[in-house]
Amino acid sequence: MIKEAIIRYLRKQGHERLNPKAVLFDMDGVLYDSMRFHARSWMSIARTYHLDATPEDFYLFEGQTGENTINELFLRTFHRNATTEEKKNLYEEKTRLFKQMNDGTPMPGAAAVLEKVKTSGAQRLVVTGSGQRTLIDKLDHSYPGIFSPEKMVTAFDVKYGKPHPEPYLMGLEKAGVKANEAIVVENAPMGVEAGVAAGIFTIAVNTGPLKDEVLLEAGADLLFANMTELAENWDELIRFSRAITLAE
Ligand code: MG
């Protein structure tokens with residue numbers, strides 16, 4: 001499965017080798033078990049403002065900006081765009097609720113993946129749409145010695161956000177590597193789309209309620225049920241990436 005996935009990626013992108021020197025990690029739903037709190041805080045906003053939404057919507061919307069999510073819900077419910085003020089106010093309220101609910105639980109298996117990546121000598125980067133100022137402190141507390149502040153892409157860095165490739169292209173730039181020298185780890189369909197659009201080998205971990213097909217249709221090169229399964233398969237992934245060279 002891993003071998004075929006690498007060959008398929010190399011053919012599709014026209015590379016000779018996959019040579020992972022950096023791993024770009026999404027944050028919510030990958031490093032932290034936080035998506036349920038995002039869905040819950042969004043559902044609370046939807047109830048307060050009578051917006052049509054289900055919890056699953058917020059797993060599908062994950063990765064795009066909060067303002068885009070609000071606008072989509074306004075279009076669906078009221079058949080009009082949300083005003084700038086509505087977008088700003090509702091997103092502030094959602095962010096406040098999320099902060100109250102979020103308990104900072106690391107994603108099971110993530111620490112094992114990060115240790116394996118560190119041991120294999122590859123850089124670790126975080127590429128997230130989150131805009132928390134204290135993010136690096138939080139990451140350092142959960143995963144000591146794994147990340148550094150200059151190797152992060154957050155909401156403050158990007159103009160577009162996922163599914164646009166910009167965040168992951170910026171991640172490549174910060175790591176100083178090419179697309180075939182990186183791996184993306186994502187849980188959201190739009191995040192997968194962004195990684196694939198940036199030309200990077202993109203691994204989906206399905207840590208939420210969506211069907212596997214949704215992530216595969218978004219273009220995931222490889223799919224695992226969770227981070228523990230990725231950790232268990234990491235050595236094989238590295239072994240195959242070293243062994244496979246496509247003739248030009
Ligand atoms: Mg995510």
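The values are calculated or read from the model by the stated rules, or taken from the named source; none is laboratory data. Every value quoted in this text rests on a predicted model; they were computed, and no experiment measured them. Neighbour counts run over all protein chains shown; Cβ positions are idealised from the backbone, glycine included. Surface accessibility is based on the protein's heavy atoms, side chains included, excluding ligands, DNA and RNA. Shrake-Rupley method; radii C 1.70, N 1.55, O 1.52, S 1.80 Å.
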Which value, in Å² and to the nearest 10, is the accessible area of Ser130 when all protein chains are kept and the probe is 1.4 Å?
20
Which net charge results for the neighbourhood of Ser41, defined as the other residues with beta-carbon distances under 9 angstrom from its beta-carbon, given Lys and Arg at +1 and Asp and Glu at -1?
+3
Between helix 227-243 and the chain, what is the angle of the helix's C-alpha long axis to the longest principal axis, kept within 0 to 90° and rounded to the nearest 10?
40
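From the gyration tensor of the Cα coordinates in the range 80-198, what semi-axes in whole Å does the equivalent ellipsoid have, largest first, with each one equal to sqrt(5λ)?
Result for the range 80-198: semi-axes of 26, 20, 12 Å.
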Of Lys99/Lys159; Lys99/Lys138; Lys99/Lys211, which ones are farther than 19 Å apart at the Cα?
Lys99/Lys159; Lys99/Lys211
How much accessible area does Arg80 have with a 1.4 Å probe, in Å² rounded to the nearest 10?
90
Under the rule a/c < 1.5 gives rounded, and otherwise a/b versus b/c splits prolate from oblate, where does the range 156-248 land using the Cα gyration tensor?
oblate
Added length on full extension, which subtracts the Cα-Cα distance from 0.36 nm per residue, Glu67 to Leu246
60.1 nm
Does the range 134-174 come out rounded, prolate or oblate, given a ≥ b ≥ c as the square roots of the eigenvalues of its C-alpha gyration tensor, rounded meaning a/c under 1.5 and, failing that, prolate meaning a/b above b/c?
prolate
Beta carbons within 10 angstrom, averaged per residue: use that to sort the peptides 224-232, 150-158, highest first.
224-232, 150-158
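For the range 160-213, which trypsin sites (Lys or Arg not before Pro) are in a loop by DSSP, counting at most 13 other Cβ atoms within 10 Å?
Sites meeting the loop and neighbour criteria: Lys211.
Taking the DSSP beta bridges in the chain as the whole, what percent of them are antiparallel, to the nearest 5? List each step's numbers first, then the result.
Working: 1 of 19 bridges.
DSSP beta bridges in the chain are roughly 5 percent antiparallel.
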Quick check: Cα centre of the range 198-247 to Cα centre of the range 106-177, how many Å?
17
Between the range 1-45 and the range 62-98, what's the alpha-carbon centroid distance in Å?
25
Can you tell me the length gained on complete extension of the stretch Arg80 to Lys12, counting 0.36 nm per residue apart and subtracting the Cα distance?
20.5 nm
Got the relative contact order for the chain handy, in percent, Cα pairs under 8 Å and 6 or more residues apart?
30
So what is the calculated 222 nm ellipticity per residue for the chain, using -39500 (n - 2.57) for each DSSP H run with n of 4 or more, over all residues, to the nearest 500 deg cm²/dmol?
-15000 deg cm²/dmol
In a shell of Cβ-Cβ distance under 12 Å around Gly145, excluding Gly145 itself, what net charge do Lys and Arg (+1) and Asp and Glu (-1) give?
0
What would the Debye equation give as log₁₀ I(q)/I(0) for the chain at q = 0.08, 0.12 Å⁻¹, counting only Cα atoms as equal point scatterers?
-0.30, -0.66
How large is the accessible surface of Arg124 in square angstrom, using a 1.4 angstrom probe and rounding to the nearest 10?
40
